[in-house]
């Protein structure tokens, strides 16, 4: 008698698990990694899928004169967060940022993932992704990666291995993540960046 397809799959999965248990590479605590969604804009507000909230930060916290706004928008049929503003290097300033805490207590552990994936569009300007970890104490320290945001929606994949330390000698530890920020920084320009999703991707 032939097994129906769902039953056959069930049997094969359990046979495979049994084989892995015998090899000692599987136990009940094993978690098969898959892409992890940080924010896909299903909330309809400034809350992420983690329950933490996006916020706008500018160089005015340190005496600069850059200004900006963070709004919820719908750009080219996609719901998104939109950061707009004027970045000015006057008064030793030069940034606008939208930031999201990845953890409020224990650090966020991204050890199972290869990097972060963004779905973004913008105004053909260069932006940064900034990570902060629990190893950083000073506000000007971060781990950074730059990208150009085109007017059409695009997927930007940022391998953790390519993230560079900024004004710190501490190595980047992806199991100690604290915050992610999307930043317009370092020169005088108009920032306009839309973000439809942020997720961690697994290494294939």
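The values are calculated or read from the model by the stated rules, or taken from the named source; none is laboratory data. Model, not experiment: these values are computed from the prediction. Backbone-built Cβ (ideal geometry, glycine too); neighbour counts: all protein chains shown.
Considering each residue of segment 103-129, count those that are farther than 21 Å from residue 40 by Cβ and modelled with pLDDT of 95 or more, and give that number. Can you show your working first?
In the first step, residues of segment 103-129 are kept if they are farther than 21 Å from residue 40 by Cβ; the result is 105-107, 111, 123-126, 128.
Applying the additional criterion that residues be modelled with pLDDT of 95 or more yields 107, 111, 123-126, 128.
Result for segment 103-129: 7.
Evaluation of residue 116 against the conditions (1) touching a strand residue (DSSP E or B) at 6+ places or on another chain (Cβ under 6 Å); (2) more than 14 Å from residue 173 (Cβ to Cβ); (3) surrounded by fewer than 18 Cβ atoms within 10 Å (Cβ to Cβ) shows that the sole unmet condition is (3). With 121, 146, 197 as the choices, which residue is more than 23 Å from residue 105 (Cβ to Cβ), without any contact (Cβ under 8 Å) to a residue 24 or more places away in the chain, in contact with a strand residue (DSSP E or B) (Cβ under 8 Å, 6 or more places away or on another chain) and surrounded by 13 or more Cβ atoms within 10 Å (Cβ to Cβ)? Going through 121, 146, 197 in turn, the sole match is 146.
Taking (1) surrounded by fewer than 16 Cβ atoms within 10 Å (Cβ to Cβ); (2) outside any strand (DSSP E or B) in turn, residue 136 satisfies each apart from (1). Could we say that residue 189 is assigned by TED's automatic domain parsing to the domain that holds residue 48, farther than 24 Å from residue 48 by Cα and either touching a residue at least 24 places away in the same chain (Cβ under 8 Å) or surrounded by 14 or more Cβ atoms within 10 Å (Cβ to Cβ) (or both) here? Answer is yes for this residue. Examine segment 62-72 for a residue that is closer than 25 Å to residue 200 by Cα and exposed (fewer than 15 other Cβ atoms within 10 Å of the Cβ), and state whether such a residue exists. Taking every residue of segment 62-72 in turn, at least one turns out to be closer than 25 Å to residue 200 by Cα and exposed (fewer than 15 other Cβ atoms within 10 Å of the Cβ).
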